[in-house]
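Written below as structure tokens is the structure these notes are about.
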Amino acid sequence: MLMHGMISVKGAEAPFYLPQGDECEVFELAHANELPLLLKGPTGCGKTRFVAHMASRLGRPLHTVACHDDLAAADLIGRYLLKGGETVWVDGPLTRAVREGAICYLDEVVEARRDVTVVLHPLTDDRRILPIDRTGEELEAAPGFMLVASYNPGYQNILKTLKPSTRQRFVSLEFNFPRPEHEVPVVARESGLPEDRVRPLVRLANKLRALKGQDLEEGVSTRLVVYAATLIQRGMPVERAIRAAMIEPLTDDADVKRGLLDLVTAVFG
Ligand SMILES: Nc1ncnc2c1ncn2[C@@H]1O[C@H](COP(=O)(O)OP(=O)(O)O)[C@@H](O)[C@H]1O
Ligand SMILES: [Mg+2]
């Protein structure tokens, strides 16, 4: 089970997040009105950072679960474990969040097994309950509890889409790569590289993103631009950093790679 919790304290400085639109207001309203929220968007465009930022702003603890195809309902809810000859019940991250009134973030929820989405249904309607079959408990979510899930609709895999019956239980926000006037300051802030040196990297990123669907399955993420800028800021030659952080991660195909490197030359001369 992959997961890690993060505790935030109200008043402590929230992780840096530059809003792209009204997403912070939507999150706040959803939280205040006990509505679950779904974030749709490509990988590496700021979804996880956004949730960490909002949890901190709202002063709620955050429990993040990275979903994968082996993730079962018990991984979220909890299970009996043997401890010193005794079986004890141990809450999973979702149960903990429900008890504490925390925010539970299910990252890449479509990756999880089908029985996971079934568990979410009674939590996402106005009953806000979590039935725990194994203990016979029926937990009512504490005030402040919020379910946030993310998924990447770009992966065109029929087995990996959210069923409408699940999707239509969430207020949804669409995320995309930030516009250049947002991405440049974000990358500069994250990497320490001055904005005028970040700008051509962002220009290149957008040229690479334009190839999505033709040669590339997915465009270069903001995360990768941050990596490239970080390597450059630490002294790596620009071209080497771009290859390592913005080209190699995108493709294994030698011909495609050569084409991408031509784009680099076009942008950087
Ligand atoms: N709007 C933003 N404000 C601050 N940082 C951002 C923003 N968008 C992207 N980032 C940067 O991009 C990185 C990847 O974002 P992340 O939230 O992990 O993506 P996702 O969860 O969508 O895959 C973050 O670590 C952060 O450095
Ligand atoms: Mg993420």
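The values are calculated or read from the model by the stated rules, or taken from the named source; none is laboratory data. Predicted model only: the values in this text are computed from it and were never measured. Don't worry about glycine lacking a Cβ; one is built from the backbone with ideal geometry, like all the others, and counts go over all protein chains shown.
Only one of (1) surrounded by fewer than 17 Cβ atoms within 10 Å (Cβ to Cβ); (2) modelled with pLDDT of 95 or more fails for Pro153. Which number is that?
Evaluating Pro153 over (1) surrounded by fewer than 17 Cβ atoms within 10 Å (Cβ to Cβ); (2) modelled with pLDDT of 95 or more leaves (2) as the failure.
Before we move on, is Thr230 hydroxyl-bearing (Ser, Thr, Tyr) and crowded, with 19+ Cβ neighbours inside 10 Å? Don't jump to the end; show me each part of the working.
Numbers: hydroxyl-bearing (Ser, Thr, Tyr): yes; crowded, with 19+ Cβ neighbours inside 10 Å: no.
No: the conditions fail for Thr230.
Which condition number does Phe16 fail, the rest of (1) modelled with pLDDT of 95 or more; (2) more than 16 Å from ligand 2 (Cβ to nearest atom) being met?
(2)
Test each condition in (1) away from ligand 1 (no atom under 13 Å from the Cβ); (2) under 17 Å from Cys45 (Cβ atoms) for Arg203 and report the one that comes out false.
It fails just one condition, (2).
Restricting to region 31-55, and then to whatever is away from ligand 2 (no atom under 16 Å from the Cβ) and not acidic (Asp, Glu), can you tell me which residue is surrounded by the fewest Cβ atoms within 10 Å (Cβ to Cβ)?
Only one residue tops the list, namely Asn33.
Have a look at Leu120, Leu139 and point out the one that is touching a residue at least 12 places away in the same chain (Cβ under 8 Å) and part of a helix (DSSP H, G or I).
One residue alone meets the criteria, Leu120.
Of all residues in region 168-199 being surrounded by 18 or more Cβ atoms within 10 Å (Cβ to Cβ) and more than 16 Å from ligand 1 (Cβ to nearest atom), which is modelled with the highest pLDDT?
Phe170
Residues checked against (1) more than 18 Å from the chain's Cα centre (by Cα); (2) surrounded by 21 or more Cβ atoms within 10 Å (Cβ to Cβ); (3) within 16 Å of ligand 1 (Cβ to nearest atom):
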site: Val65; (1), (2), (3): no, yes, yes
site: Asp69; (1), (2), (3): no, no, no
site: Ala74; (1), (2), (3): yes, no, no
site: Leu94; (1), (2), (3): no, yes, no
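Cys104: under 30 Å from Leu216 (Cα atoms), within 16 Å of ligand 1 (Cβ to nearest atom), without any contact (Cβ under 8 Å) to a residue 60 or more places away in the chain and surrounded by 22 or more Cβ atoms within 10 Å (Cβ to Cβ), yes or no?
Details: under 30 Å from Leu216 (Cα atoms): no; within 16 Å of ligand 1 (Cβ to nearest atom): yes; without any contact (Cβ under 8 Å) to a residue 60 or more places away in the chain: yes; surrounded by 22 or more Cβ atoms within 10 Å (Cβ to Cβ): yes.
No, not satisfied.
Please give the number of the condition Val88 fails out of (1) assigned to a helix (DSSP H, G or I); (2) surrounded by fewer than 19 Cβ atoms within 10 Å (Cβ to Cβ).
(1)
Ala266: loosely packed, with under 15 Cβ neighbours inside 10 Å and either farther than 16 Å from Val186 by Cβ or among the aromatic types (Phe, Trp, Tyr) (or both), yes or no?
Working: loosely packed, with under 15 Cβ neighbours inside 10 Å: yes; either farther than 16 Å from Val186 by Cβ or among the aromatic types (Phe, Trp, Tyr) (or both): yes.
It is true that Ala266 is loosely packed, with under 15 Cβ neighbours inside 10 Å and either farther than 16 Å from Val186 by Cβ or among the aromatic types (Phe, Trp, Tyr) (or both).
State all residues of region 33-63 that are away from ligand 1 (no atom under 16 Å from the Cβ) and on the phi > 0 side of the Ramachandran plot; if no residue qualifies, say none.
Step one: of region 33-63, the residues away from ligand 1 (no atom under 16 Å from the Cβ) are 33-36, 58-61.
Matches in region 33-63: Glu34, Gly59.
Out of curiosity, is Leu94 in contact (Cβ under 8 Å) with a residue 60 or more places away in the chain and assigned to a helix (DSSP H, G or I)?
Details: in contact (Cβ under 8 Å) with a residue 60 or more places away in the chain: no; assigned to a helix (DSSP H, G or I): yes.
No, not satisfied.
Here are Arg99, Arg114: which of them is exposed (fewer than 13 other Cβ atoms within 10 Å of the Cβ) and basic (Lys, Arg)? Don't jump to the end; show me each part of the working.
Values: Arg99 fails: exposed (fewer than 13 other Cβ atoms within 10 Å of the Cβ).
Exactly one of Arg99, Arg114 is exposed (fewer than 13 other Cβ atoms within 10 Å of the Cβ) and basic (Lys, Arg), namely Arg114.
So which residues in region 77-126 are at pLDDT 90 or above and within 16 Å of ligand 2 (Cβ to nearest atom)?
Matches in region 77-126: Pro93, Ile103, Cys104, Tyr105, Leu106, Asp107.
Kindly list the number of the only condition in (1) acidic (Asp, Glu); (2) surrounded by fewer than 14 Cβ atoms within 10 Å (Cβ to Cβ); (3) not assigned by TED's automatic domain parsing to the domain that holds Leu18 that fails for Asp126.
It is condition (3) that Asp126 fails.
Step by step: first the residues of region 76-105, then only those that are in contact with a helix residue (DSSP H, G or I) (Cβ under 8 Å, 6 or more places away or on another chain) and of a type outside the set (A, V, I, L, M), then the one that is farthest from Glu137 (Cα to Cα). Which residue is that?
Tyr105
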